[in-house]
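Encoded as structure tokens, the structure appears first; notes follow it.
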Amino acid sequence: MNEAAPIQKLLFVCSRNKLRSLTAERLFEGFPAYQVRSVGTQPDARIVITEGHIGWADLIFVMEKAHLHRIRRKFPEALQGKRVITLHIPDEYEFMQPELLDELRGKLGPYVTLPDEGKIQAKIEEGMASCRAGRTVPAEKAWSELRTWRDQQVSGSLSERHRPAANRPRAAPSARRGR
């Protein structure tokens, strides 16, 4: 029997939940390996962080050390046993700015499997070329095949993360501390 990998819950935190953390959430939108939420630490945030958000998350990413200090001060008990990683991404980007997306991909890569937009786009283009060549299939079947292919890609890439710790390559000391 082929058992599906558990879905990991990621929480992204910035100040106002309008630029950085919301961009990170959108980066993973539609990627079946994760459930993703984003919040802010400021009272005027789009969604203000709560103890419930922390309890929900398997892995918490904060954009700056200041965000970690704020949530440690406000929710010390809720953070016990939680893995929190500081990404060190300054508040100098716009929502979905390509440079922000590049920085997020680079800094999240050691911790999570990133959606491979290129492979998905190539698969879509392959299907479109097939249609243009007259080899059409019903749309429902094409989407079903794409979802199956995507799920296979995800389950294959997740297997590395679910290996026993003794068999995994060790991360550099700075990566283990979340830097």
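Nothing in this text is a laboratory measurement; each read-out follows from the coordinates by a stated rule. Values in this document were obtained by computation on a predicted structure and should not be read as measured data. Using ideal geometry, Cβ is built from the backbone for each residue, glycine included, and neighbour counts are taken over all protein chains shown.
Close amide-amide hydrogen proximity is noted between Q35 and Q8, K9, L10, each under 5 Å apart and 5 or more residues distant or on a separate chain (H modeled in the peptide plane; Pro and chain starts excluded). Computed about the Cα centre, the dipole magnitude for segment 30-111 is approximately 420 debye when only Lys and Arg (+1) and Asp and Glu (-1) carry charge, each at its Cβ. Normalised Debye scattering of segment 5-103 at q = 0.10, 0.13, 0.20 Å⁻¹ gives log10 I(q)/I(0) of -0.23, -0.40, -0.96, counting only Cα atoms as equal scatterers and leaving out solvent.
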